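Since the structure comes first, as structure tokens, the remarks are kept for the end.
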Amino acid sequence: MVDWARLAGPLLQRKDMAGVQSDGTAVLAGGTSVARMALEHLLGAEAWRQAVRRYVHRSWAPDTEMVRSVLRLVQPEAGMQECLRLWREGTGEERIAAVELAQIFTRPEVLDAVPQMLADPEPLVPVWAAVIVREFVYDGVVEGEDVHGHMQLMEAHHHPSVREVAAGLRAWLSGDPAPGEVGDD
């Protein structure tokens with residue numbers, strides 16, 4: 001059974017999620033952000049870190065896409081931090097899978113890490129970093145002008161796939177349909 005009052009406690013401490021009634025009683029706002037934070041607290045940070053490790057280490061297991069979907073829906077900070085940690089501290093395939101998964105976490109910290117990811121010596125990490133930028137723009141998380149510096153790095157990158165992602169995004173920003181959209185031949 002969920003103790004909703006106890007669950008609300010930490011959320012009431014956040015000024016961006018709580019308000020005050022006319023009698024001075026603190027109340028939580030409603031909405032997706034509050035629901036996500038509640039789910040994040042309900043399961044706990046370690047559960048979200050384990051979910052990321054499960055995805056990263058068990059690619060193509062029967063539950064992989066479910067894990068990814070839940071992480072995308074809830075957007076837990078602990079999950080995003082685990083992706084970034086695995087990219088920085090992991091090895092080989094683990095690092096690549098962590099960057100690939102990082103694109104689902106629509107948080108500024110992920111976009112802030114992209115320049116470092118683009119400079120990563122592992123050839124597939126910069127490709128997935130470019131995909132992060134593209135997906136953030138396509139999903140409306142950021143505007144094209146918000147990633148101008150990222151685009152310059154991508155367009156000048158030595159890896160042809162990074163430049164290809166940049167060219168497709170640049171075309172889309174100029175009004176051409178994104179690959180796979182209606183009108184794409």
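Numbers for the structure displayed
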| read-out | value |
| --- | --- |
| Test: residue in segment 75-82 that is farther than 24 Å from Met117 by Cα and crowded, with 18+ Cβ neighbours inside 10 Å | no |
| Hey, Val70 hydrophobic (A, V, I, L, M, F, W, C), at negative phi and within 18 Å of the chain's Cα centre (by Cα) or not | yes |
| Of all residues making up segment 46-69, the number that are of a type outside the set (S, T, N, Q), out of contact with any Asp or Glu (no Cβ under 8 Å at 6 or more places or on another chain) and either within 17 Å of Arg107 (Cα to Cα) or surrounded by fewer than 17 Cβ atoms within 10 Å (Cβ to Cβ) (or both) | 10 |
| Check on Gly24, on the phi > 0 side of the Ramachandran plot, touching a residue at least 12 places away in the same chain (Cβ under 8 Å) and either loosely packed, with under 15 Cβ neighbours inside 10 Å or assigned by TED's automatic domain parsing to the domain that holds Val142 (or both) | no |
| Elements of type helices (runs of 4 or more DSSP H) contained in segment 2-114, each with 2 or more residues being under 23 Å from Ala130 (Cα atoms) and at pLDDT 90 or above | 45-57, 64-74, 77-89, 92-102 |
| Any pair with Cβ under 6 angstrom, 6 or more apart, that starts in segment 156-167 at a residue that is over 17 Å from Phe136 (Cα atoms) and ends at one that is assigned to a helix (DSSP H, G or I) | His157/Arg163; His159/Pro126; Ser161/Val127 |
| Which listed residue is free of Cβ contacts under 8 Å to residues at least 40 places away in the same chain, surrounded by 13 or more Cβ atoms within 10 Å (Cβ to Cβ), touching a helix residue (DSSP H, G or I) at 6+ places or on another chain (Cβ under 7 Å) and under 17 Å from Arg53 (Cβ atoms), from Arg134, Arg85, Arg95 | Arg95 |
| Evaluation of Ala167 against (1) surrounded by fewer than 17 Cβ atoms within 10 Å (Cβ to Cβ); (2) of a type in the set (A, V, I, L, M); (3) out of contact with any Asp or Glu (no Cβ under 9 Å at 6 or more places or on another chain) (one fails), failing number | (3) |
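The values are calculated or read from the model by the stated rules, or taken from the named source; none is laboratory data. In this text, all values refer to a predicted model and were calculated from it rather than measured experimentally. Quick reminder, even Gly has a Cβ in these numbers, built from the backbone with ideal geometry, and neighbours come from all protein chains shown.
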